[in-house]
Amino acid sequence: MKTTTHWTGTLALLASLMAAPLSADEHTHAAGHEQHGAHEHGVATLSLATGEAGLEIMLESPAANLLGFEHTATSAADKQKLADVKLKLEAGADLFAINAEAGCALKDAEIVSALLEDEGQPSNDTHAEAETHNDMDVTWAFVCTQPAELKEVTVKLFSAFPDGVQTIRAEWVTDKGASAQELTQDDTLQLN
Ligand SMILES: [Zn+2]
């Protein structure tokens, strides 16, 4: 049901993501809004890759999906919301359930967003204010005692962010191959 061309594209994308982690200036691409096709409110991209150590999951999402806004947080309410969302995203074990046989545990969560970088700084943010769009990208690293047993990952981002996330384009690469699936609700990805 999937073409070879698609596999190649997926692998190339994942390879590039692995080689160069999602950069902090991702939002500059969003200025054109259609430049890389990723910044569409309600839509997020999820990339999963298994390896010898375990599983890496990368989310690329418009900040609006997670935060409800994309402007620099200046009000106390917005700053609180930003802090809440950051904590929620860092709790990766609550957002993804991995089949128990793999023995996985969250090792690290990294959030990259211009909105977080601007936090706490004086409002000299010339571009963040001028641009209407900002992404929030997250990378979770799970270490697994039995990575060969990695079979299922349940994505719980819809229930975690019910007001913003509508569609997740998930794709994954394992040593057995690659595939993709579009989600519109919490669901379990079958990795092989
Ligand atoms: Zn936007």
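Read-outs: derived from the displayed coordinates by stated rules, not from any lab. None of these values were measured; they are calculated from a predicted model. So basically every Cβ, Gly included, is an ideal-geometry build from the backbone, and we count neighbours across all protein chains shown.
Numerical summary
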| item | result |
| --- | --- |
| J(HN,Hα) series, the stretch 104-113, from Karplus relation 6.51 cos²θ - 1.76 cosθ + 1.60, nearest Hz, glycine and proline x | 8, 9, 5, 9, 7, 9, 10, 10, 10, 7 |
| Förster radius 41 Å - calculated FRET efficiency between D175 and A83, Cβ distance, rounded to 0.05 | 0.60 |
| Neighbourhood net charge (14 Å Cβ-Cβ; Lys/Arg +1, Asp/Glu -1) for F96 | -3 |
| Which listed pairs, of K81/K151; K107/K176; K88/K176; K79/K151, have C-alpha distances above 30 Å, in listed order | K81/K151; K88/K176; K79/K151 |
| Residues whose placed amide H lies under 5 Å from that of N134, excluding near-sequence neighbours | A63, A64 |
| In nm, spacing of pseudo-spin labels at K151 and K107 (7 Å Cα→C-beta vector) | 2.4 |
| Around A148: net Lys/Arg minus Asp/Glu count, Cβ-Cβ under 15 Å | -3 |
| Under 10 Å, Cβ to Cβ, from A170 - net charge with Lys/Arg +1 and Asp/Glu -1 | -2 |
| From phi via Karplus (6.51, -1.76, 1.60), per-residue ³J(HN,Hα) for the stretch 60-71 in Hz, x at Gly/Pro | 10, 9, x, 4, 4, 4, 9, 9, x, 8, 10, 7 |
| ³J(HN,Hα), Karplus 6.51/-1.76/1.60, whole Hz, each residue of the stretch 133-141, x for Gly, Pro | 10, 9, 9, 9, 10, 10, 10, 10, 10 |
